[in-house]
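Right, one structure below, let's go through it.
The values are calculated or read from the model by the stated rules, or taken from the named source; none is laboratory data. Everything numeric in this text was worked out from a predicted model, so none of it was measured. Quick reminder, even Gly has a Cβ in these numbers, built from the backbone with ideal geometry, and neighbours come from all protein chains shown. Side chains included, ligands, DNA and RNA excluded: accessible areas come from the protein's heavy atoms. Shrake-Rupley method; radii C 1.70, N 1.55, O 1.52, S 1.80 Å.
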Amino acid sequence: MVELSPSILSCDFSSLQEDLDATKGTRIKMIHIDVMDGVFVPNISFGFKIISDIRDKNDYFFDTHLMIVNPERYVDDFKKAGVDRLTIHYEASEDIKGAIDLIKKAGIEVGLSIKPKTDPKLILPLLKDLDLILVMSVEPGFGGQKFMEESIEKIKILREFIDSHKLKTKIQVDGGIKTDNVHKVIEAGADEVVAGSDVFAKDDIRGQINKYYEIFDQIK
C-alpha cells in the first residue's frame, strides 16, 4: 500500500497542533518533517525543539528530511527529539557512507535524497544500505513548487534496480505532488508520497487526506 507523508512545512505554525489534530482519524501513519539550515538550501525552517514539542502529542512515524550540510553532526540530537527516520542528502556530506552508517548505528531508519539534477545511477550502490530513497521532484528548499515531470524516469530507474536486486528499500517522492498528478509517481513505482501545501493549505485537511487514499486504493 502506498503511504502519504504530509509535510508540516505547510502548516500554520501559529496553530501547528491544531493542523496536526485535523489529520487524526485518517489513514496516515506518518508526517514529513523538513529541516533546512539556510546553507544547503536557501531557506530556514525549524529544529529540534519543535520536533520534540509535537512528539508526545502525535503517535505518528516522524519521517524527517534533513536539508542541511554535514547532517552527521546532529544524528544524536534528532534521535533525542524523537524522529523515526532521518533522510539526508547525497549532496550534503563528504562521507555519505559514513553518515548512513552513523544513522543506522543510532537505531533509526535511514533515507537518502537526491536533488533533481543528480543522476540516480550514482546512488544505486548505496540502495542496499538504505530503508528509503527520496526523489526530489522540485528543487529542495521551498514548498508549493511545480512538479518536475523528468522525475518520473528517475523513479522508474530506481524501481527497476530495487526489484531486480530484491531490495526492501522504499521509494519516496517529494515536491509538487497534487491529487491530479500523484497517480504518475505511483504508477512509476513510488511507495510513499509527500504532499505539503496540497494537504495543510486546504480548508478540509482530513477530507484532502482521504482523497489521496481513495486514489491510492484505485491504483493499487
| message | Criterion first (more than 17 Å from the chain's Cα centre (by Cα) and open to solvent by 20 Å² or more (accessible area, probe 1.4 Å)) does PHE46 satisfy it? | response | no
| task | Among the residues of segment 185-209, write down those that are part of a helix (DSSP H, G or I), open to solvent by 60 Å² or more (accessible area, probe 1.4 Å) and under 23 Å from ASP21 (Cβ atoms). | result | ARG206
| task | Within segment 134-153, identify whether any single residue is in a helix (DSSP H, G or I), over 22 Å from ILE88 (Cβ atoms) and open to solvent by 10 Å² or more (accessible area, probe 1.4 Å), and answer yes or no. | result | yes
| task | Tell me which residues, restricted to segment 143-197, are out of contact with any helix residue (DSSP H, G or I) (no Cβ under 7 Å at 6 or more places or on another chain), within 30 Å of LYS24 (Cβ to Cβ) and not small (Gly, Ala, Ser). | result | GLN145, PHE147, LYS168, LYS170, GLN172, ASP174, ASP180, ASN181, ASP191, GLU192, VAL194
| Given the conditions (1) out of contact with any Asp or Glu (no Cβ under 9 Å at 6 or more places or on another chain); (2) more than 21 Å from VAL173 (Cβ to Cβ); (3) buried (at least 22 other Cβ atoms within 10 Å of the Cβ), and given that HIS89 satisfies all but one, which numbered condition is not satisfied? | (2)
| query | Within segment 114-123, is there a residue that is modelled with pLDDT of 95 or more and within 28 Å of ASP53 (Cα to Cα)? | reply | no
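So, in segment 154-170, exactly how many residues are surrounded by 11 or more Cβ atoms within 10 Å (Cβ to Cβ) and not β-branched (Val, Ile, Thr)? So that I can check it myself, show each step before the final result.
Residues of segment 154-170 surrounded by 11 or more Cβ atoms within 10 Å (Cβ to Cβ): 154-162, 165, 167, 169-170.
Filter again for not β-branched (Val, Ile, Thr), leaving 154, 156, 158-161, 165, 167, 170.
Residues flagged as surrounded by 11 or more Cβ atoms within 10 Å (Cβ to Cβ) and not β-branched (Val, Ile, Thr) within segment 154-170 amount to 9.
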| request: Kindly indicate which of LYS80, LYS97, LYS29, LYS24 is within 30 Å of ASN181 (Cα to Cα), open to solvent by 70 Å² or more (accessible area, probe 1.4 Å) and at pLDDT 95 or above. | output: LYS29
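Return the only residue of LEU66, LEU4 being without any contact (Cβ under 8 Å) to a residue 40 or more places away in the chain, closer than 20 Å to VAL138 by Cα and not in a helix (DSSP H, G or I). First the steps, then the outcome.
Values: LEU4 fails: without any contact (Cβ under 8 Å) to a residue 40 or more places away in the chain.
That would be LEU66, the only listed residue that is without any contact (Cβ under 8 Å) to a residue 40 or more places away in the chain, closer than 20 Å to VAL138 by Cα and not in a helix (DSSP H, G or I).
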| task | State all residues of segment 92-133 that are in a loop (DSSP other than H, G, I, E, B) and in contact with a helix residue (DSSP H, G or I) (Cβ under 8 Å, 6 or more places away or on another chain); if no residue qualifies, say none. | result | SER93, ASP95, ALA106, GLY107, ILE108, LYS115, PRO116, THR118, LEU130
